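**Student:** Structure incoming, see below.
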Amino acid sequence: MALFGNTTEEKKPAQGGSASGGEKLLNKLPIKESPLATRILSRPRITEKSYALNALNQYVFVVSKTATKKSVKRAVEEAYAVQVEKVRIVRLPAKRRLFGKSIGMKSAIKKAIVSVAKGQSLELFKGGM
C-alpha cells in the first residue's frame, strides 16, 4: 500500500497541448540536473569576498567532504555548461562557539574556488554587488 499514491505515473499535459508558464521558465534556467553535481556541489558560498572574485571569473561553492578537484571540475562543467580552467580547494576547520552559557560547534566545511574560462560566467551569481 503506497502512502502517497502512485508516483511513478507521468502526468499528462492539459488538452491545450502547450506547457504552462512555470514549465517554460524552468526550461530556460542554465542549471542542469546531474547526479554528479547534486552529490558534489552543496551550494554556492555567497559572501563579499566571493562577489569580489566574480569579477575575476572565479566562483565559490561549498562542496562535499569527499570532493576532489577533478570531481568538482566535472560537476561544475556538467551543471552549468561552462569550461573550468582551474579548481582550488580549501578546508575550513570546525570552530567552537558560545551560545550563552553553553558551548557549541560550528561545523567544518570544504569550499572550492572555481576559475571559469574568459568570456563565460555563471548566471547564478549575477545581480549581487
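**Student:** Determine the alpha carbon to alpha carbon distance for each of LYS65/LYS86; LYS49/LYS69; LYS65/LYS118; LYS86/LYS106; LYS70/LYS106; LYS73/LYS106 and list only those over 25 Å. Before the final figure, lay out the partial values.
**Tutor:** Details: LYS65/LYS86 19 Å; LYS49/LYS69 21 Å; LYS65/LYS118 29 Å; LYS86/LYS106 29 Å; LYS70/LYS106 28 Å; LYS73/LYS106 27 Å.
Long pairs (Cα-Cα over 25 Å): LYS65/LYS118; LYS86/LYS106; LYS70/LYS106; LYS73/LYS106.
**Student:** Okay, next question. Placing +1 on the Cβ of each Lys and Arg and -1 on the Cβ of each Asp and Glu in the stretch 32-118, which of TYR80, ALA67, LEU56 has its Cα farthest towards the positive end of the resulting dipole?
**Tutor:** The residue sitting most towards the positive pole is ALA67.
**Student:** Can you tell me the FRET efficiency between SER64 and LEU124 if r is taken as the Cβ-Cβ distance and R0 is 22 Å, rounded to the nearest 0.05? Working shown, then result.
**Tutor:** Working: r = 18 Å, r/R0 = 0.84.
Taking R0 as 22 Å, the efficiency between SER64 and LEU124 is 0.75.
**Student:** Can you tell me the length gained on complete extension of the stretch ILE103 to ARG45, counting 0.36 nm per residue apart and subtracting the Cα distance? Provide the component values of the computation, followed by the final result.
**Tutor:** Values: separation 58, 0.36 × 58 = 20.88 nm, distance 2.55 nm.
Working it through step by step, the gained length comes to 18.3 nm.
Every number in this text was worked out from the coordinates using simple rules, so none of it is lab data. These numbers were taken from a predicted model, which means no experiment stands behind them. Cβ sites come from the backbone with ideal geometry, for glycine too, and all protein chains shown count toward neighbours.
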